[in-house]
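**Q** Okay, handing you the structure first.
None of the figures in this text is laboratory data; all of them are computed from the coordinates on show. A quick note: this is a predicted structure, and the numbers were derived from the prediction, not measured. Here the Cβ positions follow ideal geometry from the backbone for every residue, glycine too, while neighbour counts run over all protein chains shown.
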Amino acid sequence: MSNVIAAIEAEQMSKNLPEFSVGDTVIVQVKVKEGTRERLQAFEGVVIAKRNRGLNSAFTVRKISHGEGVERVFQTYSPLVAELEVKRRGSVRRAKLYYLRDLRGRAARIKEKIMKSKTAKAKPVAKAKPAVTEKTDD
């Protein structure tokens with residue numbers, strides 16, 4: 001019986017989301033239905049918590065809107081989450097950033113993670129040979 005449940009959950013979890021972690025600044029595009037219309041609403045903020053439970057996975061995003069802190073919990077594999085874009089990687093040493101709720105202004109900033117990429121290495125420059133000039137008789 002559990003194999004059947006695992007197969008169904010794996011099928012529903014086949015959403016292609018980028019890899020993100022706590023401390024990252026993300027933009028979540030959420031489907032909002034207003035009457036008969038459906039549109040996408042962007043919610044940009046810092047991921048302060050992540051809950052990995054298979055199909056029941058969720059993450060919490062916090063932003064400051066008009067001076068007030070707003071937190072929203074998104075189900076990772078929900079059909080209402082249309083798109084997730086990682087805007088900035090954050091370097092943190094905690095799994096849950098609930099302490100950001102008590103901080104204001106510059107104190108609530110998160111240090112940016114510097115990514116080491118293999119493609120960014122510069123190739124060694126070969127030494128140039130001295131230019132040969134031709135002598136002409138005038």
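**Q** Among the listed residues Leu100, Leu84, which satisfies the condition of being surrounded by 14 or more Cβ atoms within 10 Å (Cβ to Cβ) and in contact with a helix residue (DSSP H, G or I) (Cβ under 6 Å, 6 or more places away or on another chain)?
**A** After applying the criteria, what remains is Leu100.
**Q** Looking only at residues that are part of a strand (DSSP E or B) and basic (Lys, Arg) in segment 7-50, which one is farthest from Arg93 (Cα to Cα)?
**A** Residue satisfying both the conditions and the ranking: Arg37.
**Q** Being of a type in the set (Gly, Ala, Ser) and within 17 Å of Lys111 (Cα to Cα) is the filter here; which residues of segment 21-48 pass it?
**A** Hits for segment 21-48 are Ser21, Gly23, Gly45.
**Q** Determine which member of the set Ala82, Ala107 is of a type in the set (A, V, I, L, M) and part of a strand (DSSP E or B).
**A** Exactly one residue qualifies, and that residue is Ala82.
**Q** Quick test for you: out of Ser14, Ser65, pick the one residue that is of a type in the set (Ser, Thr, Tyr), exposed (fewer than 11 other Cβ atoms within 10 Å of the Cβ) and closer than 30 Å to Ala107 by Cα.
**A** Ser65
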